[in-house]
Structure formats: structure tokens, C-alpha cells
Amino acid sequence: FEKEFQIKKNRYGNMYLWHGSSVVRWYSILHNGLKDLGRTVDRVHAGPIHGDGIYQSDLSSYSIPYSYPEENRYKHSSLPKKLQVLSLTENAKTPGLNHPIQNEFTQTDERACVVRALMIVKSNFSWNIVDDPPKYIPSLNDVLRTISI
């Protein structure tokens, strides 16, 4: 999947966006990738208001409400009692990446959207990722190297 994404990224360019989803969905997302569920029985909302695609935003505060807080079931965890997870996604700017309204993007090409980072958020914050893109996003190898030092 990553190789296919890199080909699309090299051809079309890339951009980072935010995606919020319930904690209970992240296991599946991390194993299967982000999916367009707007016209399926697994959809979260009434349906795709702005057409098909994986819904994302350039503004973190726009995506956070879609990260419904879930109870942290681990009694001895240092994580908050209510967990909200927000992801930073990298998108190839394929013809399937649309910008129907301000702060909202849809990606109809599921193979052109990759989760790059997950963040547990305690409160709302506002970061326009398109206007102020990250300078560096560590790979899993970078993180593991840091932990093992």
C-alpha cells in the first residue's frame, strides 16, 4: 500500500489533513486504512453531505468533534479518563481529493490517504495544517530508535 501511495504522491504532490474518528474505530483504521463508509451501514452520520470520500479537514478544531470521547477502560493508565484520538493524514493530491467547502476535504481514492500520526487530545486546539504544514513527521523506525536509546 505504501509503495502505491508513494507513486501517487510523486505524481500529484501531497498535503496533510486532519481526520477525527471514534476511539473504537481506530483498530480497524490502522489495520485496513481509512475507508469511505458514507453509503454503507457502518456510516457514522446520516450520509455523505458533500459527496463520497473520506472526510478530513485542514483545521484540527474542525475534526476534533468527530473524535467522540470514549471511556478509558484501563484503571492504571496515565491517559485521560475520556479518550479522543485525532489523526494526521497524508494525502496524495489526486483528482479524488476535493475541497467542497471551507475547512472540509473529501478523498475518494482510499489508496491516496495514509494515517501518519495519532494524537490523544485532551482539549480542542486549532492548527491549520495546510497553511502551516509540519516540517518533519517521524517514522515508526525513528520513534522505536528513540525509545531504545
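Quick notes
- In this structure, the pairs whose alpha-carbon distance is over 32 Å, taken from Lys35/Lys135; Lys3/Lys82; Lys3/Lys135; Lys3/Lys75; Lys93/Lys122; Lys3/Lys81, are Lys3/Lys82; Lys3/Lys75; Lys3/Lys81.
- Computed over the chain, relative contact order equals 31 percent, with contacts defined as Cα pairs under 8 Å that lie 6+ residues apart.
- With a simple spin-label model that places each label point 7 Å from the Cα along the Cα-to-Cβ direction, the separation between Tyr27 and Phe125 comes to 2.8 nm.
- Shown is the FRET efficiency for Gln102 and Tyr136, computed with R0 = 22 Å from the Cβ-Cβ distance and rounded to the nearest 0.05: 0.20.
- Theoretical FRET efficiency, 1/(1+(r/R0)^6), r = Cβ-Cβ of Arg111 and Lys75, R0 30 Å, to 0.05: 0.15
- Relative to the compact-globule estimate of 2.2 N^0.38 Å, the Cα radius of gyration of the chain comes out at 1.06.
Read-outs throughout are calculated quantities, based only on the coordinates presented, and are distinct from any laboratory measurement. Owing to the predicted nature of the structure, the values given are computational and were not obtained by experimental measurement. Please note: Cβ atoms are built from the backbone with ideal geometry, for glycine as well, and neighbour counts cover all protein chains shown.
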